[in-house]
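Visitor: The structure that follows is given in the form of structure tokens.
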Amino acid sequence: SARGVHGCHRAQRQREELLGEQPLPQLRRDLAEQEARLQQLLRGNDWAKRLHALQQERDRHQQQGQQLLSNRQQLQEQLQHLEEQLLLRKQLVRQCEENHQLSLRIRSYEEQRGLLQKGEPCPLCGSIDHPWQSVHPPDDDRAVELAQARAGLEQTQAELAQHRETLVVVTRDLEHLGQVQTEHGHQVAELTEQLVPLLSEQHLGTLDTCIPAIAAALETGHQRAEELRTRLAAIDTIDGQLQAVIDDMAQRIYLWHVSLY
């Protein structure tokens, strides 16, 4: 019918407008290539974000490492000071022990002096004259000094043991941090090896600016792919309509021929 022919011509014009100067197979290839590029960009975006996160973590680890090194240096200096102090305190304790022993010996002499009787000979010197019998010696604080010296020694030993334990922990943390940094270095190298060729192929700049460049390329790529999908969907719809019209016209022609016989 005339209406069917007119509809065919109109649909054909719409189809030609959608195709432009590109044949349909080329449009489908363009969409396939665009989708493949989007997949590459998505992988690159993931690599770039992982690389950026690793670089940030590397910076944090460097700061932690510097702090740990500073802590270890301080601990080593404190340990050296405590070891010197420990030696002095040991010497002080030995001196106080000797003084305390001497004090005990003197006290025993004082006890003997208290037993002296006027006119009786001293068992030590034989003298019967005891002019110092009634003189009381000053209070002896050697025992207190010894107790204080021993307490100071124990405190220094405890501080030294604590600092040594802390130094072991700091050293272990430094070793663990070094292992983590080595592993992250391998990951950074692997991601860089994957990402650099993609950036070069897609003309997306350098590693330092790749994240916004990839994001912009993804946005543009999604828009381009959506445009191609919309055009192809419209062309497929028109092709379906044309095929329906052709089938209807063929059926009408067939029925007209049958009616002639």
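Visitor: Give me the extension gain from residue 229 to residue 193: residue separation times 0.36 nm, minus the current Cα-Cα distance, reported in nm with one decimal. Walk me through the numbers before you get to the answer.
Guide: Details: separation 36, 0.36 × 36 = 12.96 nm, distance 3.34 nm.
Working it through step by step, the gained length comes to 9.6 nm.
Visitor: Which sequence of 180, 144 reflects their accessible areas, 1.4 Å probe, from the largest down? List each step's numbers first, then the result.
Guide: Values: 180 35, 144 80 Å².
The residues order as 144, 180, largest area first.
Visitor: Let me ask something additional. Past the 16 angstrom mark, what percentage of all C-alpha to C-alpha distances in region 163-254 do you count? Kindly include the intermediate steps, with their values, before the conclusion.
Guide: Working: 3179 of 4186 pairs.
Distances greater than 16 Å cover 76 percent of the Cα pairs.
Visitor: Kindly sort 81, 100 by accessible area of their heavy atoms, largest first, with the probe set to 1.4 Å. All intermediate terms of the calculation are to be shown ahead of the outcome.
Guide: Details: 81 110, 100 40 Å².
Ranked list, largest accessible area first: 81, 100.
Visitor: Can you give the percent of C-alpha pairs in region 1-76 whose distance is more than 15 Å? It would help to have the intermediate numbers written out before the result.
Guide: Values: 2181 of 2850 pairs.
Tail of the P(r) past 15 Å holds 77 percent of the pairs.
Visitor: While we're here: Need one number: nm distance between label points at residue 16 and residue 177, each 7 Å from Cα along Cα→Cβ, rounded to one decimal.
Guide: Taking the simple label geometry, residue 16 and residue 177 are separated by 7.4 nm.
The values are calculated or read from the model by the stated rules, or taken from the named source; none is laboratory data. Here the structure is a predicted model, which is why all the values come from computation and not from measurement. For neighbour counting, all protein chains shown are included, and Cβ atoms are generated from backbone atoms with ideal geometry for every residue, glycine included. Just so you know, the surface numbers come from the protein's heavy atoms only, side chains and all, with ligands and any DNA or RNA stripped out. Shrake-Rupley method; radii C 1.70, N 1.55, O 1.52, S 1.80 Å.
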